[in-house]
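The values are calculated or read from the model by the stated rules, or taken from the named source; none is laboratory data. Not measured: the values here are computed from a predicted model. Here the Cβ is made from the backbone with ideal geometry for all residues, glycine too, and neighbour counts use every protein chain on show. Side chains included, ligands, DNA and RNA excluded: accessible areas come from the protein's heavy atoms. Shrake-Rupley method; radii C 1.70, N 1.55, O 1.52, S 1.80 Å.
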Amino acid sequence: MSWRGSGHAVCTRSQKGGRKRFSATIHGCGKKQDTFGVCSTELSPVDSRIDYTVMPPSTRVMAKLVRPPPRFNHEEWTRSNLTKYANADVERQSAERLVEESKRLSDETQKRSERSQADVHKKLQQRLDDIRYWKKELDDKLDRLVTEIDSLIAYKTRVEKALQASEEPLHIAKQCLANRERRTSIDLVHDDVQKELLKEVETLEGVQALLQRTLDEATEQLRLNRKAKYLIEKDLKDKFHAQDIDEYCEHLRNNSAEIHYKDGAVKIETNSTSPEEWKDFSNANIENAERERMNSTNLRSAIDGILQQTTNDIRKQTDATNLAFAKRIAETKDTKGKLEDHLNKVLAQIIENEENVARLRKAIADKQPPLMLAETRLDTRKNRPNVELCRDPVQYRLIEEVTELECSIAQLKQRLADTLDSLKGLARNQLSLEDDIKVKTNTLFIDDVECMGMRKSLNIQYF
């Protein structure tokens, strides 16, 4: 059974073995193709169309399912190939440009990175040069300031020695006045010796006040010098540390083992300073050191003048007092008093106080082992691990024990100090009573033996 199309194709139907097959003969192709295949010869859509209107309905449905692919002409085929060539060229050229631009970008970034590293290296060297310059300036000021501090300490020592040396003349003058105040009867007169002694005490007290003020000024200036020295040393220490860090950074390279990524490193610290502030800080330290050094130098010059003037004043007044004593001794006669009973009591009290001193010292020594034991226990219990480091009753009792022992020792020491002070006072009173006994025996003995005997030991020196 067959149907012929209206144009160029004829469809046939055959049945073999109970199975139906359709075939179409396409004119111009010369081949017979099953409906499930496609003719090997390409036809245009117009030439290859089959008239399905003459086919039965079931045959038309099958023909729609096996519709052949669209056909193109040679111009379209050529255009398609040219389009693919053009697209390939465009993509290839774009890829080539991307490769070249990538190479150029890599070179540019490498050069920029090298320039940046070179600039950083140069700035690190400049920074190190600045640090070394300021370190040298600070070192110079520090050396001069240390020398000035040593000089001022020597001058301060001179003032201290002069102040200490003025104690003996003042003590002797006061002692002479005290001895002469114990004169009796007509010998208790306000004579030239008394006037000169009072003037000598006034002179010595004025000298001491002046020396004490000078010593206070020297101490304060020394404190300011040491403060300036501390600021310079601290600045130098910081600069040494900064120099070590920058030198370490300067020696780092791309292949150094110490380099690594660090989160949060790329930022400006809030407590950082500007280069101007950095320079101003060191400059301020240098100016402060120089200012204090000049003040110290001026103070040393003033100390020289003060020591010279005070020594001359003391010598002049001492000579005047000694001359008055010599005149008075020629005129003085003897007197006597009785103070042996008081003297014996003082001597007995001195012995009793000395025994008390021994007892107090033994009591203090006896408190040392318990104190060391309690502190050792406290220190050892600090090594308890973790939660075992508990503030238990033992800890509080040990602390209380240490406090009690320290309080006891402090009380004993205070009592010992009071007893020693009492001993000193008793010793002074012993001398005073002995002098009084001699005064009461003979005023001549007071002035000639006691007073002039003490005054002969005076040796006013320049410091």
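General remarks:
- In the stretch 186-193 there is at least one residue that is outside any helix (DSSP H, G or I), open to solvent by 90 Å² or more (accessible area, probe 1.4 Å) and under 26 Å from C451 (Cα atoms).
- Check on E287, of a type in the set (D, E), under 30 Å from A154 (Cα atoms), open to solvent by 90 Å² or more (accessible area, probe 1.4 Å) and not in a loop (DSSP other than H, G, I, E, B): yes
- In the stretch 243-267, the residues that are acidic (D, E) form Cβ pairs under 8 Å with partners that are outside any helix (DSSP H, G or I) and surrounded by 10 or more Cβ atoms within 10 Å (Cβ to Cβ), at six or more places apart or across chains, as follows: E258/L252.
- Index of the failed condition, R183 passing every other in (1) over 30 Å from E290 (Cα atoms); (2) at pLDDT 90 or above; (3) surrounded by 12 or more Cβ atoms within 10 Å (Cβ to Cβ): (2)
- Residues being more than 14 Å from D129 (Cα to Cα) and open to solvent by less than 100 Å² (accessible area, probe 1.4 Å) - total across the stretch 246-256: 3
- One residue alone among R71, R92 is open to solvent by less than 70 Å² (accessible area, probe 1.4 Å), of a type in the set (K, R) and either part of a helix (DSSP H, G or I) or modelled with pLDDT under 90 (or both), and that residue is R71.
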